[in-house]
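Each remark here refers to the structure printed beneath this line.
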Amino acid sequence: MTGGGAERVMAALLRHSVPYRDQYDISLALLDDEPAAYEVPDWITVHQLDCRGSLLQSIRQLRALERSLRPAATLSFLTRANVANWASRAGKGYPWIISERVNTSAHLGQGLSGRLSRMLVQLSYRHATHIIAVSQGVADDLSETFDVPDDIISVISNPVDTVRISRQALEKYPVHPDEPYIVAIGRLVENKNFGLLIDAFAAASIPGKLIIIGDGPLRATLEQKIADHGLEPQIILTGFIQNPFPLLAGAQFFVLPSNAEGFPNGLVEAMSTGTAVVSTNCKSGPSEILANKNNLAVEEMTPVDFGVLVPCNDVAAMADSLLYFQDDETRKRFADLALTRTKDYTPEKAARRYWHVIENSMNAV
């Protein structure tokens, strides 16, 4: 339960599974023994494995756990857990469900490791009892690239607990900037493409600060890019923050510069604080959230229904979006629109839909 979007969604789904706790014994298996960023309800039985990032260890330890528990159904999150779920359950006659959190083609990369992962996904996913994709773009990618039958895929968007976020947004952040600022949030990894945002911020030459919340392997690279632009006082890398919502709520606007997403949790969470948003038009999710359209073509900075979309890897277009939101009235209008959109992503609705898939899968056996 480290500080990632999938882990946050799992915690939210478990919190809103109370109506099912009297019907089922619910267990949570964690593959790697790492510090937890999110709390699990105390009525959930947690089984802490120690696979250390290894797929083979994940399969071995998960098999041993399932032999002990003999679960009526399993649901897994993230690619390694999904493949381990397949290796542990396939052919045994029990339902196994996977939730694909990312745009699989874009996420797995092109090297040897990526090719092996693609082969395992191709081999395993199409045999699942059911697959929950977090966006239509993810569902289309699974069907078109990995030969997953359409009839075993459901699209369930990630939940966003707006009530909880509103409460957390009222907490005080230790050091609030004393001048206007923009916020971005996510792991400091290649697909999140914070380098694009730094370059665009430099090109736009707007007043105020850029705050990037998150940590990851590219921190030193991004720090060097900031230094190269001479922007050390203006661009702040905060590292991981347990509660980022006070900073999100106080921001002028939020920016998602990613090259690929499954369903961008941070985007909808920022919207739920009443903050205007800019996003790259990456696969998958942003155009579905902001324009209610999948595969929308965007060639320049484009205002849409609930925010602003820009092409991927386009510094000039991203800089244009930063300048566009310097207008107070424009920013206020899109902040109001963003907040109305988040009503479509309640955790109660998502939890009911997940349990509908689980129970239908068990009843079909």
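The values are calculated or read from the model by the stated rules, or taken from the named source; none is laboratory data. This one's a predicted model, so the numbers in the text were calculated from it and none came from an experiment. Positions of Cβ are backbone-derived with ideal geometry, glycine not excepted, and every protein chain shown enters the neighbour counts. When the accessible area is computed, the model is the full protein with side chains, heavy atoms only, and any ligands, DNA or RNA have been set aside. Shrake-Rupley method; radii C 1.70, N 1.55, O 1.52, S 1.80 Å.
Data table
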{"item": "Long-range neighbours under 9 Å by Cβ, at least six apart or interchain, first residue free of Cβ contacts under 8 Å to residues at least 24 places away in the same chain within the stretch 295-306, second assigned to a loop (DSSP other than H, G, I, E, B) and open to solvent by 80 Å² or more (accessible area, probe 1.4 Å)", "result": "Val304/Asn292; Val304/Lys293"}
{"item": "Tally, over the stretch 108-139, of residues that are in contact with a Gly (Cβ under 9 Å, 6 or more places away or on another chain) and at positive phi", "result": "0"}
{"item": "Unmet criterion (only one of (1) open to solvent by 50 Å² or more (accessible area, probe 1.4 Å); (2) at pLDDT 95 or above; (3) not in a helix (DSSP H, G or I)) for Asn294", "result": "(2)"}
{"item": "Leading residue by the ranking (farthest from Glu7 (Cα to Cα)) among those in the stretch 201-235 that are touching a Pro at 6+ places or on another chain (Cβ under 8 Å) and surrounded by 18 or more Cβ atoms within 10 Å (Cβ to Cβ)", "result": "Lys209"}
{"item": "Which numbered condition Ala351 misses (of (1) within 25 Å of Ala106 (Cβ to Cβ); (2) in a helix (DSSP H, G or I); (3) open to solvent by less than 10 Å² (accessible area, probe 1.4 Å))", "result": "(1)"}
{"item": "Test: residue in the stretch 162-175 that is closer than 24 Å to Arg15 by Cα, among the charged types (D, E, K, R) and in a helix (DSSP H, G or I)", "result": "yes"}
{"item": "Some residue of the stretch 17-37 being in contact with a Leu (Cβ under 6 Å, 6 or more places away or on another chain) and farther than 19 Å from Ala72 by Cβ", "result": "yes"}
{"item": "Filter result (over 21 Å from Thr104 (Cα atoms) and of a type in the set (Gly, Ala, Ser)) within the stretch 68-83", "result": "Ser68, Ala72, Ala73"}
{"item": "Check on Leu248, under 28 Å from Arg341 (Cβ atoms), in contact (Cβ under 8 Å) with a residue 40 or more places away in the chain and out of contact with any Leu (no Cβ under 9 Å at 6 or more places or on another chain)", "result": "yes"}
{"item": "The lone exception for Asp147 - which of (1) under 17 Å from Ile97 (Cα atoms); (2) without any contact (Cβ under 8 Å) to a residue 24 or more places away in the chain; (3) open to solvent by 30 Å² or more (accessible area, probe 1.4 Å) it fails", "result": "(2)"}
{"item": "Complete set of residues in the stretch 158-176 that are over 25 Å from Ser99 (Cβ atoms) and in contact (Cβ under 8 Å) with a residue 40 or more places away in the chain", "result": "Ser166, Ala169, Leu170, Glu171, Lys172, Tyr173, His176"}
{"item": "Which listed residue is within 18 Å of Ala200 (Cα to Cα) and touching an Asp or Glu at 6+ places or on another chain (Cβ under 9 Å), from Thr302, Thr280", "result": "Thr280"}
{"item": "Every residue from the stretch 117-128 that is within 22 Å of Lys283 (Cβ to Cβ) and either open to solvent by 20 Å² or more (accessible area, probe 1.4 Å) or at pLDDT 90 or above (or both)", "result": "Ser117, Arg118, Met119, Leu120, Gln122, Ser124, Tyr125, Arg126, Ala128"}
{"item": "Some residue of the stretch 216-233 being over 17 Å from Asp320 (Cα atoms), within 21 Å of the chain's Cα centre (by Cα) and in contact (Cβ under 8 Å) with a residue 60 or more places away in the chain", "result": "no"}
{"item": "Only listed residue being open to solvent by 60 Å² or more (accessible area, probe 1.4 Å) and more than 20 Å from Thr273 (Cα to Cα), chosen from Asp327, Asp320", "result": "Asp320"}
